[in-house]
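Before any comments, here is the structure.
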Amino acid sequence: MEPEPPANPWLSWSYVQDNSSEILRALGQHTSLTVLAVLIAVLVAVPLAALAHLRPRLAGPLLGTTGVLYTIPSLALFAVVYPLLRDRRSTVLLGLVLYALLLVVRNTLVGLRGVDPDVTDAARGLGYSRARTLFTVELPNALPSVLTGVRLATVSTVALATVGVVIGYGGLGQLMVRGLGSGYRAQIMTATLLCLALALVLDLLLTLLGRALTPWARGR
């Protein structure tokens, strides 16, 4: 009688216990990549969108450029950039920032364009300059839309970070690929569930941040 093959479940707590250090290291790498990429994207995208709002002629080229960058296949982007930077983390980080730009730029512009004209007219009537109106009136009113873009970019970045495995720096993607190669279901499922959990936790934190920063929008 042939021996039964070893169990290969999709969920295994023993796998998590036996490999906790490796899992935590991959999760930490994934989290740091996501947070840093989104933070850099926000610091770049919001000023660019504000400039495009002040100079409407720049809006089309800005959206077009970020849109083209977003459509570049991630595998191709990492493969092209890595020989230039020669650093795995920097390569993946740059790619994630480029992909996040479109979502933040677009939502920031939508928010700025959606500000009630009566509000901006009132500010100008009080003697506000164009720049002061932008920073003290339009951007605060556009904040809910900006935060929506940041939330979308964050969830998207959590998923895209796994592709960094193509150059050996993919966070939880490393576990997924290793599990696929060995056929070990628990490794695949654990990494997948952690990606989902990370996206949900970050999205929840950003939602709470948005509620704290925009108390006037809570009743909407």
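The values are calculated or read from the model by the stated rules, or taken from the named source; none is laboratory data. Just so it is clear, the model here is predicted, and its values are computed rather than measured. Cβ sites come from the backbone with ideal geometry, for glycine too, and all protein chains shown count toward neighbours.
Can you name the residue in segment 45-91 that is β-branched (Val, Ile, Thr) and within 16 Å of Ser156 (Cβ to Cβ) and is also surrounded by the fewest Cβ atoms within 10 Å (Cβ to Cβ) among such residues?
Here is the first cut: in segment 45-91, the ones β-branched (Val, Ile, Thr) are 46, 65-66, 68, 71-72, 80-81, 91.
Then keep just the ones that are within 16 Å of Ser156 (Cβ to Cβ); that gives 66, 71-72.
Working: Thr66: 22, Thr71: 8, Ile72: 13.
Looking at the filtered set, the residue picked out is Thr71.
Quick test for you: out of Leu43, Leu75, Leu102, pick the one residue that is under 14 Å from the mean Cα position of the chain (by Cα), at pLDDT below 95 and aliphatic (A, V, I, L, M).
Values: Leu43 fails: at pLDDT below 95; Leu75 fails: under 14 Å from the mean Cα position of the chain (by Cα).
One residue alone meets the criteria, Leu102.
Of all the listed residues (Val201, Val165, Val137), the sole one being under 25 Å from the mean Cα position of the chain (by Cα), part of a helix (DSSP H, G or I), buried (at least 17 other Cβ atoms within 10 Å of the Cβ) and of a type in the set (Val, Ile, Thr) is Val165.
Take Leu33 and decide whether it is of a type in the set (A, V, I, L, M, F, W, C), surrounded by fewer than 20 Cβ atoms within 10 Å (Cβ to Cβ) and either outside any loop (DSSP other than H, G, I, E, B) or at pLDDT below 95 (or both). Full working, then the answer.
Working: of a type in the set (A, V, I, L, M, F, W, C): yes; surrounded by fewer than 20 Cβ atoms within 10 Å (Cβ to Cβ): no; either outside any loop (DSSP other than H, G, I, E, B) or at pLDDT below 95 (or both): yes.
Considered against the rule, which asks whether it is of a type in the set (A, V, I, L, M, F, W, C), surrounded by fewer than 20 Cβ atoms within 10 Å (Cβ to Cβ) and either outside any loop (DSSP other than H, G, I, E, B) or at pLDDT below 95 (or both), Leu33 comes out as no.
Quick one: Leu172 ticks every box in (1) in contact with a Leu (Cβ under 7 Å, 6 or more places away or on another chain); (2) modelled with pLDDT of 95 or more except a single one, so which number is it? Failed condition: (2).
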